[in-house]
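Trainee: Have a look at the structure that comes next, please.
The values are calculated or read from the model by the stated rules, or taken from the named source; none is laboratory data. Keep in mind it's a predicted model, so treat the numbers as computed, not measured. Cβ placement follows ideal geometry from the backbone for every residue including glycine, while neighbour counts extend to all protein chains displayed.
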């Protein structure tokens with residue numbers, strides 16, 4: 001019997017994951033399995049991610065800093081420890097406030113657009 005790599009448990013540490021510079025003030029690290037993706041974004045203060053929507057379900061964890069999210073028709077500020085669930089198709093964007101922000105984004109299914117050479121996709 002053959003065991004596929006995807007059938008085996010795997011583990012990582014963010015310190016070992018390559019960093020991609022996506023644009024001014026945005027650095028992304030990512031790991032993915034077959035149907036789940038996690039990204040760690042380090043974002044400079046004042047950076048704005050344009051509002052957008054996608055078919056992927058997304059959960060965002062604010063690890064550090066404060067960020068003002070556009071969530072549909074409303075806006076809300078989140079800080080360390082806050083978790084935001086973004087259902088498929090919801091309009092959302094973000095503005096980093098007065099300090100560097102670290103976000104953990106979890107997507108299902110994986111963001112295949114992030115895996116292409118110019119895979120900027122959206123960043124929050």
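Trainee: Step by step: first the residues of region 48-63, then only those that are part of a strand (DSSP E or B) and touching a residue at least 60 places away in the same chain (Cβ under 8 Å), then the one that is nearest to residue 84 (Cα to Cα). Which residue is that?
Mentor: Residues of region 48-63 that are part of a strand (DSSP E or B), as a first pass: 48-52, 57-63.
With the extra rule that they be touching a residue at least 60 places away in the same chain (Cβ under 8 Å), the set shrinks to 49-50, 52, 60.
Working: 49: 16, 50: 17, 52: 16, 60: 5 Å.
Of everything passing the filter in region 48-63, 60 is nearest to residue 84 (Cα to Cα).
Trainee: Return only the number of the condition from (1) under 13 Å from the mean Cα position of the chain (by Cα); (2) surrounded by 13 or more Cβ atoms within 10 Å (Cβ to Cβ) that residue 95 does not satisfy.
Mentor: (1)
Trainee: Given the criterion out of contact with any helix residue (DSSP H, G or I) (no Cβ under 7 Å at 6 or more places or on another chain) and either modelled with pLDDT of 95 or more or not in a loop (DSSP other than H, G, I, E, B) (or both), identify the matching residue among 28, 40. Walk me through it before giving the result.
Mentor: Values: 40 fails: out of contact with any helix residue (DSSP H, G or I) (no Cβ under 7 Å at 6 or more places or on another chain).
Result: 28 is the single residue among 28, 40 that is out of contact with any helix residue (DSSP H, G or I) (no Cβ under 7 Å at 6 or more places or on another chain) and either modelled with pLDDT of 95 or more or not in a loop (DSSP other than H, G, I, E, B) (or both).
Trainee: May I ask you to say which residue of 45, 18 is outside any strand (DSSP E or B) and closer than 30 Å to residue 7 by Cα? Reasoning before the result, please.
Mentor: On the way: 45 fails: closer than 30 Å to residue 7 by Cα.
Answer to the selection: 18.
Trainee: Sticking with this structure for a sec: Mind listing whichever residues of region 64-90 are part of a strand (DSSP E or B) and surrounded by fewer than 17 Cβ atoms within 10 Å (Cβ to Cβ)? Talk me through it step by step, then tell me what you get.
Mentor: Just the residues of region 64-90 that are part of a strand (DSSP E or B), to begin with: 64, 67-71, 74-78, 83-86.
64, 68, 74, 75, 76, 77, 83, 85 - these are the residues of region 64-90 that are part of a strand (DSSP E or B) and surrounded by fewer than 17 Cβ atoms within 10 Å (Cβ to Cβ).
Trainee: Which members of region 16-42 meet the condition of being in contact (Cβ under 8 Å) with a residue 24 or more places away in the chain, in contact with a strand residue (DSSP E or B) (Cβ under 9 Å, 6 or more places away or on another chain) and over 17 Å from residue 64 (Cβ atoms)?
Mentor: Of everything in region 16-42, those that are in contact (Cβ under 8 Å) with a residue 24 or more places away in the chain, in contact with a strand residue (DSSP E or B) (Cβ under 9 Å, 6 or more places away or on another chain) and over 17 Å from residue 64 (Cβ atoms) turn out to be 22, 30, 32, 35, 36, 37.
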